Structure formats: structure tokens, C-alpha cells
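What follows is a set of notes on a single structure, which appears directly below.
Coordinate-derived values only; no laboratory data. Computed from a prediction, not measured in an experiment: that's the story for all the values here. Cβ: placed from backbone, ideal geometry, glycine included. Neighbour counts: every protein chain shown.
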Amino acid sequence: MYKILIVEDDMAIASAMERQMSTWGLSVKCVENFQNVLAEFTEFSPELVLLDISLPFFNGYHWCSEIRRISRVPIVFLSSASDNMNIVMAMNMGGDDFIAKPFDFSVLLAKIQAILRRTYDFGQEPAVLTHREAVLNKADASLTYRGEKIDLTKNEYRILLTLMEQKGRVVSRETLMQKLWETDSFVDENTLTVNVTRLRKKLEGAGLTNFIITKKGMGYLI
């Protein structure tokens, strides 16, 4: 049974959603303490969050950002303010979908089922990761760009895999070294720098300039 956390301060709407989703076989909890939504999120540990934008104390964007610091759980924004700016903001803050109020419960159900199925039912990670036409195939540890194969060493592959799995997020040097340390070889700061430099040269040689960005004092970012 999937658990859904509803973060909605209009109790009439929240109660209606809770009743309806319970009939769909979902386990539902409505947030009560809007001063500390994150505590209720952590305690309930839901598989999906329905999050209103306009809330007491802190808005939905704030709580989305807080949840994203600790979890990749799907977040669906709910709002009567369905202008383009709010929709774009919701997606940029880490939301997975946006539903305008008032909404039809059948549409809400269809959206929830689609996201849950996409996130959990298949039970497997994608076999390939893509960015800017570069395709990293996890099945054979190969990288291709516009049909051309780019040869990678084991460490270069592990670095690129880690960065592409966290696409859009800064990955610390410590995290990358831990990933490389899973191999038999010892990895220090200098070894990581050499590997990243060599990987960058290979990518640039194939036409992928500025593919890996350095965030000084933080780590690397794709």
C-alpha cells in the first residue's frame, strides 16, 4: 500500500482528498503541523507528496526544497495559482507534476497512479543515462555521442556514472572518491583530479565541451 502525504491547509480539501484516496487503497496522512512539515514527512515516510503552494508559515516551495535535501520522493504541487510562472517555479524547485485547483478526482487519481507506476512499479533503474546526446549504457559501461563510441577506463566510467545519476546536482569529491574506492585501487585527491581531467579531455575531444562543470570548493556537476 503506497503512502501519500497531503500538505494542504484547507481542511475541507485535505479531508476530501484523504477520503477519496483511501477508497483507492492508498494510505493517506494529512499534515497537521505546518510549522514543521519536514518532521511529519520524515515520520510518515511517504511514497508521494501532494503539496499546496500557499501554506501558513512557509510556502510549498520552501518545503519542497527541504524535502529534496533528504529525499527524491515524487512531489506533486497543488495550487489555484496555475499561471506559467508558478508552474515553472514548481518544476524548478524539484516538483514532478502540477495540478491546478479545482481538480477532478479522477484526474488526480490518474496522475498519482502514473507517477507511482513510473517511480516504483518497474522496480529497476534505467539501463541508459543520457545528457546532451551523450548516452551512457550501464549494461556494457560504454559511452557514445552522436553514434561515436568514447572509450572509458573503469574509473572514468564510475566518475561519469555517478555524475550522470546525480545530473543537475553537485557531487562532492568525497562522494566520487568513495565510488572509486569500491575498486581494488587506492584513490586519493590527486588520483581523482587526474581522472576527471583525463575524462574531460576525452569528452571535449568528442565535441562535448563543458560537460563536467567544477564547483569550486564543492565538487563537480553535470
In segment 59-102, what trypsin sites (Lys or Arg not before Pro) fall in a loop by DSSP, with at most 12 other Cβ atoms inside 10 Å?
-> 69, 72
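Let me spell out the model: positive unit charges on the Cβ of Lys and Arg, negative unit charges on the Cβ of Asp and Glu, origin at the Cα centre of the chain. What dipole size does that give, in debye rounded to 20? Don't skip to the answer; put the middle values down first.
Details: 26 positive and 28 negative charges, 181 e Å.
It works out to roughly 860 debye.
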In nanometres, what is the gap between the two model label sites at residue 58 and residue 3, each 7 Å from Cα along Cα-to-Cβ?
-> 2.0
Listed pairs 3/138; 179/216; 149/216; 111/138; 154/202 exceeding 22 Å between Cα atoms = 3/138; 149/216; 111/138
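Could you work out Rg/(2.2 N^0.38 Å) for segment 18-145, with Rg from alpha carbons only? Walk me through the numbers before you get to the answer.
On the way: Rg = 16.8 Å, N = 128, 2.2 N^0.38 = 13.9 Å.
Ratio of Rg to 2.2 N^0.38 Å for segment 18-145: 1.21.
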Hull volume in cubic angstrom per residue (convex hull over the Cα atoms of the chain) = 162
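May I ask you to compute the full-extension gain from residue 72 to residue 146, defined as 0.36 nm times their residue separation minus their alpha-carbon distance, rounded to one decimal in nm? Don't skip to the end; give the middle numbers.
On the way: separation 74, 0.36 × 74 = 26.64 nm, distance 3.04 nm.
Extending this stretch completely gives an extra 23.6 nm.
Any number yet on Rg/Rh for segment 128-221, C-alpha, Kirkwood?
0.93
Restrict the search to segment 126-206; then list the chymotrypsin sites (Phe, Trp or Tyr not before Pro) that DSSP places in a loop and that have at most 14 other Cβ atoms within 10 Å of their Cβ.
On the way: sites: 145, 157, 181, 186; in loops: 181, 186.
Sparse-neighbourhood loop chymotrypsin sites (Phe, Trp or Tyr not before Pro): 181, 186.
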